[in-house]
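Below you'll find the structure, written out as structure tokens, and then a few comments.
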There are 2 protein chains.
Amino acid sequence: MAQKPSIPKGTRDFGPAEMAGRNYIFDTIKSVFKTYGYMPIETPAMENLGTLLGKYGEEGDKLLFRILNSGDAFSGVDFGSFTLEDGKCNSKALSLKVCEKGLRYDLTVPFARFVVQHQNDLSFPFKRYQIQPVWRADRPQKGRYREFYQCDADVIGSKSLLNELELVQIVDRVFSLFDISVLIKVNNRKVLTGLAEISGFPDKVVDITVAIDKIDKIGIEAVKAEMKEKGLTDAAIAVIEPVLTLRGSHAEKIASMRALMEGRSASGIVSETGIKGLEELDELFGLIDAAGISQEVEIDLSLARGLNYYTGAIFEVKAKDFEIGSICGGGRYDNLTGIFGLPDMSGVGISFGADRIYDVLKGLGKFPEEVTSSTRVLFANMGVEEMKYILPVARSLREAGIPCEIYADAAKLKKQFDYADRKSIPFISITGADEMSRGTVNLKNLAAGEQVSLSKNDLSAIVDFLSK
Amino acid sequence: MAQKPSIPKGTRDFGPAEMAGRNYIFDTIKSVFKTYGYMPIETPAMENLGTLLGKYGEEGDKLLFRILNSGDAFSGVDFGSFTLEDGKCNSKALSLKVCEKGLRYDLTVPFARFVVQHQNDLSFPFKRYQIQPVWRADRPQKGRYREFYQCDADVIGSKSLLNELELVQIVDRVFSLFDISVLIKVNNRKVLTGLAEISGFPDKVVDITVAIDKIDKIGIEAVKAEMKEKGLTDAAIAVIEPVLTLRGSHAEKIASMRALMEGRSASGIVSETGIKGLEELDELFGLIDAAGISQEVEIDLSLARGLNYYTGAIFEVKAKDFEIGSICGGGRYDNLTGIFGLPDMSGVGISFGADRIYDVLKGLGKFPEEVTSSTRVLFANMGVEEMKYILPVARSLREAGIPCEIYADAAKLKKQFDYADRKSIPFISITGADEMSRGTVNLKNLAAGEQVSLSKNDLSAIVDFLSK
């Protein structure tokens, strides 16, 4: 019995049409990375479990795909030694015994490992980009996959805010090339820390930020209620509240916040960290003004992504004309490589969400027409001699970079036309005995109906006609 | 304690220099695939084990990397039920219980699965290329990796020999673009079958071919000895021997072989299959002559790769000026998709060995210079105001497609020059207060020593200087 073919839940095949769109996305992003001096690297799909475990929290450890050492991993294993007191198997210990490797969960940890391992071969600041799949044993659901590409650019070994600027410029340029209007939101982790400090609850920075982060969804009253629930006093909430309704230009927002951080809030507490964060924001916007940005950039003090490891700038990008989550994000982290033995390496990076960008481009009809086109002309197969007559013509066209196909079999013309139609091939050539005797090829533009007969040796005329 | 970073045995990191070379290889091959109407697809890294098991022989099954269903895969497993009579664990059965997925072992089986699964969405003949990593739990050794890229093109759903021709043309064009001289060897499985038939040992085709395959390494006498060892009679070997020393043009080789297959060998046996194989070779070389090929193509009747599944043409490509195994190979297979429920789909494909091609290009110094170049100009960082002055210039250059960098920190110039040097950046700009007051940028070609001062607004002059 033949097997009914299927793929694992949460994974996908990409056919030619999807690949064309995806390659357009990756090629565009790569071309921009390159103009900023970012260089590609690749790391193995499999990392040692020791590299991965403990880097993504307890939840992350559970979502790692582990690889059996071999099909024979269980021979010689004494299962009794993995039996717990309640008679159950210590799954965690046993899986560590039979699995030494796991699949890449993101590109950031492998990048940190790469930088430490190859530090003597790299020039710092080291700017790299990396576009590879990652795997997570998440419950599959709409829009969430167990295998998906990440598309990251990071620079490590420099604290200069020029790096933050360049990432904003890269985002600006990429989405301008895509013709997608975006809002680039910028925040700074130090400002969030400062906010917690001036509220009098410096240890509640996560609770405060998680609550603030929901303001667009649940509204200001619910945010206040959540903070109260988390143990903040009314007085503390009163310090935070003005920040939630902050409006105005970048300069105005920064000035208002600076007043609060300098002790002019209801609590009177001064936050040096908060002031530092605002100075960074101020400097970054100075650079943004000098460089010139096409897309909209705004300070959003409720932006809190990646709170656990970002230490400075935080970025997030949303499409303006399409309802979807963030399509790009990133930030600065101060000690990514410390865990692998290289301290004091500050880095900043961004990650483009290729799947969502695909949905936006498709949803807004913004994929350029040439992305999906492939073969330019189909030479109908009229028989062996005709095919031999066409072969050198096809060869010349291909060497000139024009994709063309000769239909493989001398099938009925209807079948050959159908093939051209399904592959959206815009030109067809039916070259038979007449053309052979005259030394010509016959070319037809299927959409316009225009038809010409050109000398088979006049490559430039053929190229011209096919390029219209 | 910090972990000492490492990667699993048999896997590799690719840094920027290697990636540049690899991308050059893949981009070149892709560009040629595209001119022949081949379209890209991608399949998941993980396939259901049922898709993979039994497709690569018993040895292959052992080399599959299996993925644990989850970190908790062992909870609830009754290990007793996997205990054999001798008290040992039935490793195979237990691993099937806790692993449902495996890593892709090659691109051919996933392609077959893809074609069957998506048959209603595809236009046949379906021409696809696929460039993705595969994983094999082989013992790692020099030049053999546990993760490596395959780079395959296949066409499925057509028996026309035009497809074989096009694959030969693709090989020809790819290696011509690489400026590597190659020998393209062609054989036909049916001729090997015919040879076994006329020797009187039709069931010994594998033994005969495996022996013949070694002729370059061990010589004719050892090949004859091996055939004898495998049970062939002296009479049978006498029938085969002339084939081992066959010389001459394609036409002469085919004619000599045809005589043997038509019954004019010592055995007098006629092989219809052998004759069919020779007719296919003859037709293919007729097409090759019509199309025109730059590289050398020869019939090699000792070529026997992929004997287990090839049914028609067999290809292998060797570099002429560099000692290494085959750098490309392929052939026709008649029933690849049958196992997944779609019978009678003939296909033919080739696979480029990217790792070996990399070694050949590197060994022969054939990587084009521009492959390794990245950033064109480094703007030294002379301070915040100077940086702000340069930012719009850098932006314009980038939008014109010229990669440039501004050094992130206002570090000592020596450090900035070192960075340019290690990244092989050919131009540097030291633009300070003087240039700012004059509205110019200062540019220096580091190799030639030539230095100019150009208006910061004269983008075309700047581009011209940087393009020299």
Suppose we filter B:Y389, B:Y333 for residues that are modelled with pLDDT of 95 or more and either in contact with a helix residue (DSSP H, G or I) (Cβ under 9 Å, 6 or more places away or on another chain) or assigned by TED's automatic domain parsing to the domain that holds B:E166 (or both); which single one remains?
B:Y389
Can you work out which of the residues in region A:95-122 that are surrounded by fewer than 17 Cβ atoms within 10 Å (Cβ to Cβ) and facing another protein chain (nearest Cβ under 8 Å) is nearest to A:T51 (Cα to Cα)?
A:H118
For A:G143, indicate whether it is touching a helix residue (DSSP H, G or I) at 6+ places or on another chain (Cβ under 7 Å) and more than 8 Å from chain B (Cβ to nearest Cβ).
no
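Please determine whether any residue of region B:78-94 is more than 30 Å from A:Y24 (Cβ to Cβ), at pLDDT 95 or above, buried (at least 17 other Cβ atoms within 10 Å of the Cβ) and aliphatic (A, V, I, L, M).
No.
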For region A:278-295, state whether one or more residues are open to solvent by 10 Å² or more (accessible area, probe 1.4 Å), assigned to a strand (DSSP E or B), in the same structural domain as A:S158 (by TED's automatic domain parsing) and under 25 Å from A:K366 (Cα atoms).
no
Are there any strands (runs of 3 or more DSSP E) wholly within region A:410-468 with 3 or more residues that are surrounded by 14 or more Cβ atoms within 10 Å (Cβ to Cβ) and of a type in the set (D, E, K, R), and if so which?
none
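Rundown of residues vs (1) within 15 Å of A:I7 (Cα to Cα); (2) outside any loop (DSSP other than H, G, I, E, B), yes/no style:
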site	(1), (2)
B:F111	yes, yes
B:S123	no, no
B:Y129	no, yes
B:V134	no, yes
B:A137	no, no
How many residues, within region A:341-387, are facing chain B (nearest Cβ under 9 Å), over 39 Å from the mean Cα position of the chain (by Cα) and surrounded by 17 or more Cβ atoms within 10 Å (Cβ to Cβ)?
2
Answer residue from region B:36-77, given it is facing another protein chain (nearest Cβ under 8 Å) and of a type in the set (D, E) and is least open to solvent (accessible area, probe 1.4 Å) among those:
B:E47
Looking across region B:307-325 at residues that are assigned to a loop (DSSP other than H, G, I, E, B) and open to solvent by 30 Å² or more (accessible area, probe 1.4 Å), the single one that is farthest from the other protein chains (Cβ to nearest Cβ) is B:E323
Cβ-Cβ under 8 Å pairs, at least 6 apart or on other chains, region A:280-294 side free of Cβ contacts under 8 Å to residues at least 60 places away in the same chain and more than 8 Å from chain B (Cβ to nearest Cβ), far side buried (at least 19 other Cβ atoms within 10 Å of the Cβ) and part of a loop (DSSP other than H, G, I, E, B):
none
So the check is Cβ under 6 Å with 6+ separation or different chains; which pairs have a first residue in region B:301-330 that's over 16 Å from B:C151 (Cβ atoms) and a second one that's of a type in the set (S, T, Y)?
B:A304/B:T209; B:L307/B:T209; B:Y309/B:Y333; B:Y310/B:Y333; B:T311/B:Y333; B:K318/B:S326; B:K320/B:S181; B:D321/B:S181
Of (1) touching a Pro at 6+ places or on another chain (Cβ under 8 Å); (2) closer than 30 Å to A:L378 by Cα; (3) within 9 Å of chain A (Cβ to nearest Cβ), B:V32 satisfies every one except (1)
Qualifying positions in region B:250-275 - among the hydroxyl-bearing types (S, T, Y) and closer than 20 Å to B:A304 by Cα
B:S256, B:S271, B:T273
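The values are calculated or read from the model by the stated rules, or taken from the named source; none is laboratory data. Since we're looking at a predicted model, the values are computed, not measured. Don't worry about glycine lacking a Cβ; one is built from the backbone with ideal geometry, like all the others, and counts go over all protein chains shown. Calculation scope for accessible area: heavy atoms of the full protein, side chains included, ligands and nucleic acids excluded. Shrake-Rupley method; radii C 1.70, N 1.55, O 1.52, S 1.80 Å.
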